[in-house]
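The structure appears right after this line, and notes come after that.
Since every read-out is calculated from the coordinates, none of them should be taken as a lab result. A quick note: this is a predicted structure, and the numbers were derived from the prediction, not measured. All Cβ positions, even for glycine, are placed from backbone atoms using ideal geometry, and neighbour counts span all protein chains on display.
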Amino acid sequence: MAISSVVGLSGNVMAPELSVRPGCLQCAMERLAGRNYCGACGNLFRPRCERKQVTVLFTDVSGFTTLSERLDPEQVSEIMDRTFDIVLEAVHEHGGTVNQFLGDGVMALFGDGPLEHHACRALSAALAVQERLETVRREVRRSYGLEFRVRIGVNTGPVVIGTIGAALRTDYTATGNTANAALGLLQIAEPGQIVLTSHTRALADGRYDFAEVGSMPLTESRETVVVYELSGEFTEYAESADLLLV
């Protein structure tokens with residue numbers, strides 16, 4: 001799955017920190033000092049860039065190229081539609097936002113509440129995705145003789161959020177090493193595996209079953225982090241988390 005290091009974002013993920021020069025989204029008028037609205041068309045100027053602590057979750061279908069080569073486009077589309085529906089449902093149930101569907105993958109953000117809360121919601125969502133996709137996996141194997149598995153990467157940290165582009169095309173985007181590292185985890189994960197950085201693991205310690213995978217560089221800066229595999233959720237925590245989400 002090829003994804004740019006600039007990652008699209010939709011949803012209410014806002015926090016003041018950085019700023020960029022705003023402008024009108026409709027007519028490209030430059031912002032006048034002391035004004036919040038365009039003097040030509042009256043539209044609200046594009047928002048400033050902001051920084052927020054979030055947990056980023058990426059999913060990626062393992063062997064998607066083989067799947068596409070062996071099956072008709074309609075069959076592939078049906079499988080991916082079911083997969084996306086499962087991911088969307090699990091993410092929303094756990095308080096996250098799916099902000100982009102990227103080819104054979106999905107990016108989701110969890111950003112409300114304290115760090116440990118949205119980190120745990122992201123991990124619970126990842127477990128729910130893998131559990132619910134077992135039905136799709138069995139059906140693909142039975143019907144087509146192919147193995148269908150999804151990899152998931154999770155990382156927690158700061159992202160910078162804001163609008164980029166020109167008047168005819170704009171995107172509200174999240175950038176930074178946190179998103180890049182979460183994406184890099186997909187290159188490490190085995191099919192069907194959920195992997196996360198030590199940043200997320202520290203926030204969820206004592207609530208899930210982890211196994212250390214090793215220390216690996218995940219970004220262009222060659223930052224090295226310890227990577228863990230998530231294999232399960234302790235029953236006591238799962239029950240208390242369900243009560244908090246009601």
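Residue 139 sits among other residues whose Cβ lies under 11 Å from its own Cβ, and their net charge, with Lys and Arg +1 and Asp and Glu -1, is +3.
Net length available on complete extension from residue 187 to residue 66 is 41.8 nm, with 0.36 nm assigned per residue and the Cα-Cα distance removed.
Between residue 205 and residue 116, the distance separating the two model label sites (each 7 Å from Cα on the Cα→Cβ line) works out to 1.0 nm. Working from label points 7 Å from Cα in the Cα-to-Cβ sense, the residue 93 to residue 135 distance is 1.0 nm. A compact globular protein would have a Cα radius of gyration near 2.2 N^0.38 Å; the ratio found for the stretch 86-160 is 1.22.
In whole angstrom, the stretch 67-219 maps to an equivalent ellipsoid with semi-axes of 26, 21, 15, each derived as √(5λ) from the alpha carbon gyration tensor and ordered largest first.
Count charges around residue 58 for me, please; just the other residues with Cβ under 13 Å from its Cβ, Lys/Arg as +1, Asp/Glu as -1. Taking every other residue near residue 58 into account, the sum is -1.
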